[in-house]
Amino acid sequence: MFVHCCHCRWCQRETGSAFVINAILEADRVELLAGTPEVIDTPSNSGRGQKIARCPTCKVAVWSTYSMPMFRFVRVGTLDDPDIAPPDVHIFTMSKQQWFELPPSSLAFVEYYDSSKVWPAESLERRAAALAKAPST
């Protein structure tokens, strides 16, 4: 659907890196190839927390879910071919590492953004379909 390169301090701390690249996908389109992920409740900057799913074998974080569990934020670096998912947008650039230079053509936001104004139509349609299938709370 859409790929974030997040530069927030929380993602920096969780990954031990300058940023994380997450592909936001419908949960029913994501599967772990072997085993059952170990899910860890983790605090988040929003205060609502997140659930980080880790590979049962190597313990690497493979995806997170936030307040809408019908979407998974898949760690692009864990894909067999991470080159298929370059960032569509850089977010929380206010806290990016000073040495990191954003590519000149990149779409970047100081904090977050309004997905209805940024995501392509196909991604918005997929998002709406996933939300429509979700059980009411």
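The values are calculated or read from the model by the stated rules, or taken from the named source; none is laboratory data. Keep in mind that what you see is a predicted model, and the values were worked out from it rather than measured. So basically every Cβ, Gly included, is an ideal-geometry build from the backbone, and we count neighbours across all protein chains shown.
Worth pointing out:
- Checking SER67 against (1) assigned to a loop (DSSP other than H, G, I, E, B); (2) touching a helix residue (DSSP H, G or I) at 6+ places or on another chain (Cβ under 9 Å); (3) of a type outside the set (Lys, Arg), the condition it does not meet: (2)
- Residue tally, condition of a type in the set (D, E, K, R) and part of a loop (DSSP other than H, G, I, E, B), over region 70-92: 3
- Among the residues of region 40-74, the ones that are more than 19 Å from CYS8 (Cβ to Cβ) and of a type in the set (A, V, I, L, M, F, W, C) come to 6 in all.
- Any hit, region 68-81, residues being under 28 Å from ALA129 (Cβ atoms) and acidic (Asp, Glu): yes
- Breaking point among (1) surrounded by 13 or more Cβ atoms within 10 Å (Cβ to Cβ); (2) small (Gly, Ala, Ser); (3) closer than 25 Å to ALA128 by Cα, for ALA18: (3)
- Scanning region 42-53 for residues that are in a strand (DSSP E or B) and either small (Gly, Ala, Ser) or exposed (fewer than 10 other Cβ atoms within 10 Å of the Cβ) (or both) turns up just one, ALA53.
- Residues of region 21-41 satisfying the condition of being touching a residue at least 24 places away in the same chain (Cβ under 8 Å) and either farther than 28 Å from ALA129 by Cβ or in a loop (DSSP other than H, G, I, E, B) (or both): VAL30, LEU32, PRO37
- Restricting attention to region 54-77, the residues being over 12 Å from the mean Cα position of the chain (by Cα) and either surrounded by 12 or more Cβ atoms within 10 Å (Cβ to Cβ) or touching a residue at least 12 places away in the same chain (Cβ under 8 Å) (or both) number 10.
- Residue within region 109-118 that is among the aliphatic types (A, V, I, L, M), modelled with pLDDT of 95 or more, under 13 Å from PHE2 (Cβ atoms) and part of a helix (DSSP H, G or I) present: yes
- The lone criterion from (1) at pLDDT 95 or above; (2) surrounded by 15 or more Cβ atoms within 10 Å (Cβ to Cβ) left unmet by MET94 is number (2).
- Given (1) without any contact (Cβ under 8 Å) to a residue 12 or more places away in the chain; (2) more than 23 Å from VAL89 (Cβ to Cβ), index of the condition GLY16 fails: (2)
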